[in-house]
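The values are calculated or read from the model by the stated rules, or taken from the named source; none is laboratory data. Note that the coordinates shown come from a computational prediction; the quantities given were computed from them, not determined experimentally. Because the Cβ atoms are built from the backbone with ideal geometry, glycine has one as well, and the counts that use them run over all protein chains shown.
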Amino acid sequence: MKTSNKLIAAMSAVTGVLVIVTLVLMFTIGPWKKAEKKSEDMRSPRKTQETEVEDTDVSGEEPKEQSRGSALISGSEWVSPDKDPSEDPTDETPDMTSEDPTSETTEPTTDETTEESTEATTEETTEATNEETTAEPTPVPETSKETEETKAPSNSGGSYDLSGMVIVIDPGHQSHANSNEEQVAPWTDETKPCVSAGTTGVATGRPEYEVVLEIGLRMRDVLESMGATVIMTRTTNDVNITNIERAEVAVSNNADVFLRLHCDASDSSSARGIGVFVCSRGSLSDYVVTWGDWLGSCLSESTGSKYRGCDASTRYSGLNWACEVPSFLLEMGFMSNADDDYLLSDPDYQQKICNGVAAFCAKMKNR
Ligand SMILES: [Zn+2]
């Protein structure tokens, strides 16, 4: 009995120790583990938030390497805020288009072109604009560039398919002015002289009517060689054709393009460059300024001269009477500027003018 009592006492002691140890462990390790789990739970939602913030940054402004990867994986889900992703077939382009600078560069160009067109009326303003134009790349509108690249090879000496086009060329003026009066437009009783004298080159001494006919005949040959039907209002200098009669040639032949060739003159001998004038009335008035800008840009591209802009008005009787066909008065350069004056009589430069007009006619055909 003594031995069994001792054994029981010993077992009770061991059990007691075990119970104490268990209790101690329960109260110390248990809460610590819980605390650890709780802190993990608190961390994980914050992680998710961080990821979302990064994603937002990506679609917003600055794409980061990692985010770009996920954007490419998700494919159609990633849409740049202001651009259609279908424009960007390659892996690299999404970065380019998501950046604002792209759209920024396009917008100012358009703005300045518009400014030029509207400001081209006075000498001083236009001269100032010309300075700006030199710094600018090319004033060709984005859409027209595409058309040229896809439908026409080059602006400088390239050949175009102008078959089916009727182009009427009117070399301005004639050897003797006609001071009789004629109606300025079908919608007014106002009159002005039938044909003015034109200007004279400060350096060459050549009369405008002679230079514009020379260029006109070359232009006819160039456009005909590309398949166009070309009708001249005159092929000699000693004629007497009023501005209304010239316009009627374009109207009666239903011209696809009516080009009135002139050279400019200014009191300021430094004024240079190419100008386009169109009629602001008629059923084509919504389009002719755009087309006029095409003409000016094509010529600027082929000659390297500055394009001063397109001006729409009802000042020119030859345009007013032909406002139902695409009509353009083209000032090819200033005979009051010695450099322009020499260029206008230079066969190479004349050829460049004709190439620019050919490029323009191709654009008009494919518009
Ligand atoms: Zn003229």
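Residues considered: V166, V212, V222. Of these, the only one that is within 16 Å of the ligand (Cβ to nearest atom) and either not assigned by TED's automatic domain parsing to the domain that holds S266 or not hydroxyl-bearing (S, T, Y) (or both) is V212. Considering the range 254-268, the residues that are among the acidic types (D, E) and over 15 Å from E331 (Cβ atoms) include one that is nearest to the ligand (Cβ to nearest atom), namely D267. When the range 230-248 is limited to residues that are of a type outside the set (A, V, I, L, M), farther than 20 Å from R315 by Cβ and out of contact with any helix residue (DSSP H, G or I) (no Cβ under 9 Å at 6 or more places or on another chain), the one that is surrounded by the fewest Cβ atoms within 10 Å (Cβ to Cβ) turns out to be D238. Looking across the range 269-301 at every residue that is polar (S, T, N, Q) and surrounded by fewer than 18 Cβ atoms within 10 Å (Cβ to Cβ), the one that is farthest from the ligand (Cβ to nearest atom) is identified as S283.
All of T204, T200, T236 fail the test of being within 14 Å of the ligand (Cβ to nearest atom), farther than 30 Å from D161 by Cβ and not aromatic (F, W, Y), apart from T200.
Pick out the one residue from V230, V211, V222 that is part of a strand (DSSP E or B), within 35 Å of the chain's Cα centre (by Cα) and in contact (Cβ under 8 Å) with a residue 60 or more places away in the chain. Quick ask: steps written out before the conclusion?
Working: V211 fails: part of a strand (DSSP E or B); V222 fails: part of a strand (DSSP E or B).
Within the list V230, V211, V222, the selection yields V230.
In summary, G304 fulfils each of the numbered conditions (1) free of Cβ contacts under 8 Å to residues at least 60 places away in the same chain; (2) away from the ligand (no atom under 16 Å from the Cβ); (3) touching a Ser or Thr at 6+ places or on another chain (Cβ under 8 Å); (4) closer than 20 Å to Q350 by Cβ with the single exception of condition (3). If I ask for residues that are away from the ligand (no atom under 12 Å from the Cβ), of a type in the set (D, E, K, R) and closer than 14 Å to K306 by Cα, which ones from the range 325-346 would you list? Residues satisfying the conditions are D339, D340. I want to confirm something. Restricting to the range 169-187 and keeping residues that are farther than 15 Å from R246 by Cα and touching a residue at least 24 places away in the same chain (Cβ under 8 Å), which single residue is farthest from the ligand (Cβ to nearest atom)? Among those residues, the one meeting the criterion is W187.
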